[in-house]
Amino acid sequence: MSDAPQTTHFGFQTVNETEKAGMVHGVFTKVASKYDIMNDVMSMGIHRIWKDAMMDWLAPRPGTRLLDVAGGTGDVSFRYLGRAPGAQAVVLDMTESMLIEGRRRAEAESMAERLDWVVGDAMALPFPANTFDVYTISFGIRNVTRVQDALNEAYRVLRPGGRLMVLEFSQIPNEMMQKAYDLYSFNLIPVMGQIIANDRDSYQYLVESIRKFPDQETFAAMIRKAGFGQVKYRNLSLGIAALHSGWKI
């Protein structure tokens, strides 16, 4: 067995696995205060439509318990609780400053009794097995050092009959359209990051991380490998983003 450190990607850089979590933490610590504004600017507000589509497919049920991993400022949890009377949600994120921004939002105050905010790692969730009815992760799984480990953890903490739902940037099946989208992403988004958040490098990383994430079929296979059944996906905005769904059967 080799003692050589395992490597992974941080955007287009190759780094040791032990370094990536800290680097990602640094990115989101720097962008936390402008994260919601930049989401609107980068997607021209379409991320809100994508999250609503996520809720439509998920169909939150009253009285259920949600774990929203990489939940950041709480966008998905707020939507879930708004549709599911009596439901509870735990927002987990590795970056405390993102959770602090989430707690400051008006929705957080109005839903305080139904919300918990936890600092934690998607690859080693601080919860017992069979704890949650629903697991969501939105625009966060591509930042995890070992994606398969995160999916395995999702399966562990879900109750039998529980559901996984992943919203993530993906690949446009049309090559010419993908090239056009890449031109927009690589040339405009880092500039927007510099103007709005005074941070070009973090948004350069975020764009690169999108291109490094597996395509729809490859990611669906990873979800099945974790043990999920009835795995399906839906493309959003021609495949700029995709929703992946699976069940713990």
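Just to be sure, is Gly22 modelled with pLDDT of 85 or more and either under 22 Å from Val147 (Cβ atoms) or not assigned by TED's automatic domain parsing to the domain that holds Arg142 (or both)? Here the answer is yes, as Gly22 does meet what is asked.
Might you let me know whether segment 162-176 holds any residue that is more than 28 Å from Asp133 (Cα to Cα), in a helix (DSSP H, G or I), not assigned by TED's automatic domain parsing to the domain that holds Leu66 and not charged (D, E, K, R)? Step through it out loud before you land on a result.
Residues of segment 162-176 more than 28 Å from Asp133 (Cα to Cα): 171-176.
Pick out the ones that are also in a helix (DSSP H, G or I) and you get 175-176.
This time we only want the ones that are not assigned by TED's automatic domain parsing to the domain that holds Leu66, so: 175-176.
With the extra rule that they be not charged (D, E, K, R), the set shrinks to 176.
Within segment 162-176, one or more residues are more than 28 Å from Asp133 (Cα to Cα), in a helix (DSSP H, G or I), not assigned by TED's automatic domain parsing to the domain that holds Leu66 and not charged (D, E, K, R).
Residue pairs whose Cβ atoms lie under 6 Å apart, sitting 6 or more positions apart in sequence or on different chains, and linking a residue in segment 163-176 that is within 9 Å of Ile240 (Cα to Cα) to a partner that is of a type in the set (S, T, N, Q) and part of a helix (DSSP H, G or I), are Ser170/Gln216; Ile172/Gln178.
Any chance you could count how many residues in segment 174-192 are in contact with a Leu (Cβ under 8 Å, 6 or more places away or on another chain) and either of a type outside the set (A, V, I, L, M, F, W, C) or at pLDDT below 90 (or both)? Spell out the reasoning first.
Start the filter on segment 174-192 by keeping residues that are in contact with a Leu (Cβ under 8 Å, 6 or more places away or on another chain), which leaves 174, 177, 189.
Filter once more, so that each one left must be either of a type outside the set (A, V, I, L, M, F, W, C) or at pLDDT below 90 (or both): 174, 189.
Adding up the residues that qualify gives 2.
Considering (1) in contact with a helix residue (DSSP H, G or I) (Cβ under 7 Å, 6 or more places away or on another chain); (2) in the same structural domain as Ile49 (by TED's automatic domain parsing); (3) aliphatic (A, V, I, L, M), the lone condition that Met192 does not fulfil carries the number (2). Can you confirm whether Thr131 is of a type in the set (S, T, N, Q), more than 17 Å from Leu236 (Cβ to Cβ) and surrounded by fewer than 20 Cβ atoms within 10 Å (Cβ to Cβ)? Considered against the rule, which asks whether it is of a type in the set (S, T, N, Q), more than 17 Å from Leu236 (Cβ to Cβ) and surrounded by fewer than 20 Cβ atoms within 10 Å (Cβ to Cβ), Thr131 comes out as yes.
Taken over segment 145-155, the criterion of being over 9 Å from Ala226 (Cα atoms) and surrounded by fewer than 18 Cβ atoms within 10 Å (Cβ to Cβ) is satisfied by Arg146 alone. The single condition among (1) under 24 Å from His47 (Cα atoms); (2) without any contact (Cβ under 8 Å) to a residue 60 or more places away in the chain that Pro128 does not satisfy is (1). Could you tell me whether Phe219 is modelled with pLDDT of 90 or more, surrounded by fewer than 21 Cβ atoms within 10 Å (Cβ to Cβ) and within 20 Å of the chain's Cα centre (by Cα)? Taking the combined requirement at face value, the residue does not satisfy it.
Filtered by the rule that a residue be within 25 Å of Gln13 (Cα to Cα) and not in a helix (DSSP H, G or I), segment 187-236 gives Asn198, Asp199, Phe213, Pro214, Asp215.
The values are calculated or read from the model by the stated rules, or taken from the named source; none is laboratory data. Note that the coordinates shown come from a computational prediction; the quantities given were computed from them, not determined experimentally. Virtual Cβ from ideal backbone geometry, glycine too; neighbours counted across all protein chains shown.
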